[in-house]
1. Being in a loop (DSSP other than H, G, I, E, B), within 16 Å of the ligand (Cβ to nearest atom) and more than 24 Å from residue 296 (Cβ to Cβ) is the filter here; which residues of region 46-66 pass it?
2. Which of the residues belonging to region 170-197 are more than 16 Å from the ligand (Cβ to nearest atom) and either part of a helix (DSSP H, G or I) or β-branched (Val, Ile, Thr) (or both)?
3. Based on this model, can you work out whether residue 69 counts as assigned to a loop (DSSP other than H, G, I, E, B), within 16 Å of the ligand (Cβ to nearest atom), in contact (Cβ under 8 Å) with a residue 40 or more places away in the chain and aromatic (Phe, Trp, Tyr)?
4. Exactly one of (1) within 16 Å of the ligand (Cβ to nearest atom); (2) of a type outside the set (Phe, Trp, Tyr); (3) surrounded by fewer than 19 Cβ atoms within 10 Å (Cβ to Cβ) is unmet by residue 136. Its number?
5. Residues that are within 15 Å of the ligand (Cβ to nearest atom): list the helices (runs of 4 or more DSSP H) wholly contained in region 214-318 that include at least 1 such residues.
6. For region 265-273, does any single residue satisfy the condition of being aliphatic (A, V, I, L, M) and either at positive phi or surrounded by fewer than 16 Cβ atoms within 10 Å (Cβ to Cβ) (or both)?
7. Are any of the residues in region 220-241 more than 19 Å from residue 291 (Cα to Cα) and under 24 Å from the mean Cα position of the chain (by Cα)?
8. Residue 168 fails exactly one of the following numbered conditions: (1) surrounded by 14 or more Cβ atoms within 10 Å (Cβ to Cβ); (2) closer than 26 Å to residue 268 by Cβ; (3) modelled with pLDDT of 95 or more; (4) more than 16 Å from the chain's Cα centre (by Cα). What is the number of that condition?
Amino acid sequence: MEISRRNFLAGVGGLVAVSHLPSLADDPSVFPERGRFERLMLAYQHVSAGAAAPFSILHISDTHLTEAYPDEADAEAKLKSRERRIRTFGGRQEEALRDSLAWAKQNVDYVLHTGDLIDWQSQANFDLVRKYYGEAMFGSMGNHEFYTYLPDEKITGLESFKERSWPLLKAAYPVDPRFHAQVVNGVDFICLDNVFGTVQPDQVEKFKAETKKGLPIVLCMHVPFHTDLIWRTSMQFWRGVNRKYRNAAIPDPSGDYKCQKEDPVTRDFIAYLKDERLLKAVLAGHLHITVQDRFSPTAMQYVIGGNFGFVGQEILFT
Ligand SMILES: [Fe+2]
């Protein structure tokens, strides 16, 4: 019998038990005639970066965990958010993450998560972050890592909005949520926070300091540095139904793309990156669609769709 989240919870009587949900990959009634991980929707990429030895990662993004304890602060509001957002993301997000990580354990060397691992801040969600964000998983923040969804919240999209969240995120995530770099087989993975589309001067400075190592670089962040193609594809998806494109025109930049064209620090950083020959790939999420485009002469940009839908990509680095 398939164990649904609802009857599993009813059976054991508490949210605490959610973390013990079986991965459906272990349930013989799921895809009984096919592979254990058949439910994962994986894309495959190859980045020729000049690694000291070949290795591979699972890149996932936008899991949007929606858990809350019945006895945590603001529980009533958080449980309401849980109910509402499960309707958006399907309620199988933790299973998707568990399947992804179980698959990764057997098939790749590292997991990279490019943000929106949680849908909003709650004690239960942060406990899941601590549980899953281990020594082999690293990554960047998403915009949802900064949200509470409490009734008085006013999301501004400004850097100042993030201030109240830094202590919480630093406590929950084992990496510096604003900027961190991790070298794997001679390839420098630089993860930075750009969740409102832009980067800040100190992050640019730190990035340029990293280049002094002379290693090939993979830039990892939540919001893609939009190209016309990625922008058009995103608009096509998010504008909803009955918006079939009848020509190939690029929609006017708005939102993140406009910010990236107009914010001087971000605009200059993107221009600099396009000339930075150490840059070998850009990995991002946020759009909930899988799309790729050339970013610079030396780097492709790979945007991965939402992990809440069991999506991920294996990237081989050589
Ligand atoms: Fe997301």
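1. 62, 63, 64, 66 - these are the residues of region 46-66 that are in a loop (DSSP other than H, G, I, E, B), within 16 Å of the ligand (Cβ to nearest atom) and more than 24 Å from residue 296 (Cβ to Cβ).
2. Matches in region 170-197: 170, 171, 172, 175, 183, 184, 187, 190.
3. Answer is no for this residue.
4. Checking residue 136 against (1) within 16 Å of the ligand (Cβ to nearest atom); (2) of a type outside the set (Phe, Trp, Tyr); (3) surrounded by fewer than 19 Cβ atoms within 10 Å (Cβ to Cβ), the one that fails is (1).
5. 228-238, 255-262
6. Checked region 265-273: at least one residue is aliphatic (A, V, I, L, M) and either at positive phi or surrounded by fewer than 16 Cβ atoms within 10 Å (Cβ to Cβ) (or both).
7. no
8. Of everything listed in (1) surrounded by 14 or more Cβ atoms within 10 Å (Cβ to Cβ); (2) closer than 26 Å to residue 268 by Cβ; (3) modelled with pLDDT of 95 or more; (4) more than 16 Å from the chain's Cα centre (by Cα), residue 168 misses just condition (2).
The values are calculated or read from the model by the stated rules, or taken from the named source; none is laboratory data. These figures come from a predicted structure and were not determined experimentally. All Cβ positions, glycine included, derive from the backbone under ideal geometry; neighbour counts span all protein chains shown.
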